[in-house]
1. What list of ³J(HN,Hα) values in whole Hz, one per residue of the stretch 83-91 in order, does the Karplus curve 6.51 cos²θ - 1.76 cosθ + 1.60 (θ = phi - 60°) give from phi, with Gly and Pro shown as x?
2. Just order 125-137, 11-23, 148-160, 188-200 by mean Cβ neighbour count inside 10 Å, highest at the front, would you?
3. Search the structure for amide H atoms under 5 Å from the amide H of Gly61, placed 1.01 Å from N in the peptide plane, and list their residues when 5 or more places away or on another chain.
4. For the stretch 102-201, rounded, prolate or oblate, judged on the Cα gyration tensor with a ≥ b ≥ c (square roots of eigenvalues), a/c < 1.5 rounded, else prolate if a/b > b/c?
5. What list of ³J(HN,Hα) values in whole Hz, one per residue of the stretch 47-56 in order, does the Karplus curve 6.51 cos²θ - 1.76 cosθ + 1.60 (θ = phi - 60°) give from phi, with Gly and Pro shown as x?
6. Within the chain, what whole-number % of the accessible surface is contributed by carbon and sulfur, with the 1.4 Å probe and all protein chains included in the calculation?
7. Given the Cα-Cα distance of Thr143 and Ala79 and 0.36 nm per residue of separation, how much length would full extension add, in nm?
8. Kindly count the pairs of lysines across the chain whose alpha carbons are less than 23 Å apart, treating pairs on different chains or eight or more residues apart as eligible.
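The values are calculated or read from the model by the stated rules, or taken from the named source; none is laboratory data. Everything quoted here is computed from the prediction, not taken from an experiment. Cβ placement follows ideal geometry from the backbone for every residue including glycine, while neighbour counts extend to all protein chains displayed. Calculation scope for accessible area: heavy atoms of the full protein, side chains included, ligands and nucleic acids excluded. Shrake-Rupley method; radii C 1.70, N 1.55, O 1.52, S 1.80 Å.
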Amino acid sequence: MSAEITSLAQLRAAEAACTRCPLYQDATQVVPGEGAAGARIMLVGEQPGDQEDLQGHPFVGPAGRVLDRALGDAGIARAETFVTNAVRHFKFEQRGKRRLHKKPNAYEIERCKWWLDIERALVKPQVVVAMGATAARSLLGRTVTIASMRGETFPLGDHARLAVTIHPSALLRIRDADDRERQYEGFVADLRRAAKLAHAA
Ligand code: URA
């Protein structure tokens, strides 16, 4: 952990001044992780979306609504978790008036891991849930497929275990209603398993 950062408030202040990669230049603001200081579960997404960038809070847009519903269905109170992202600034491409999400690259993920590592050291969750390939890549330091890692947990080198699941925005892209429902149930089941593990630890 960085010698000077010993609280989440200090972390937020340091993140607000971040210039570790170029993404800070076009984003409205940094979006720090948010939640209970000693949360047993940390949920890690990819990067803030349009709404998160404007509001300064993680998962408050459409993907956040899916996440909130799934947490509710899994019997998990969001206020007891810590919700964060692998990358803290919104990366986008301007198309007319719209800002279209762009995937962060390996360099941006790697540079931002600095903040995620400090955050993990401060919150000390029992279980870290990587939602999507970007979060899994950040936490494992290599490219993985979600399908190959789902349903198992992996040690993270501290006391925490890593569980991998889909990103909630992936559910928003599924056109077929039955498939979407099936995938949603799988997402809820992954969250439920993570909560069980977090409370068993
Ligand atoms: N998608 C993410 O990965 N994170 C957010 O905060 C919002 C959408």
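1. 3J(HN,Hα) across the stretch 83-91, in whole Hz: 10, 8, 9, 5, 10, 9, 10, 6, 9.
2. 125-137, 188-200, 11-23, 148-160
3. Distant-sequence amide H within range of Gly61: Glu52.
4. oblate
5. 7, x, x, 4, 5, 5, 4, 6, 8, x
6. After summing per-atom areas, the C and S share lands at 51 percent.
7. 20.0 nm
8. Lysine pairs meeting both conditions in the chain amount to 7.
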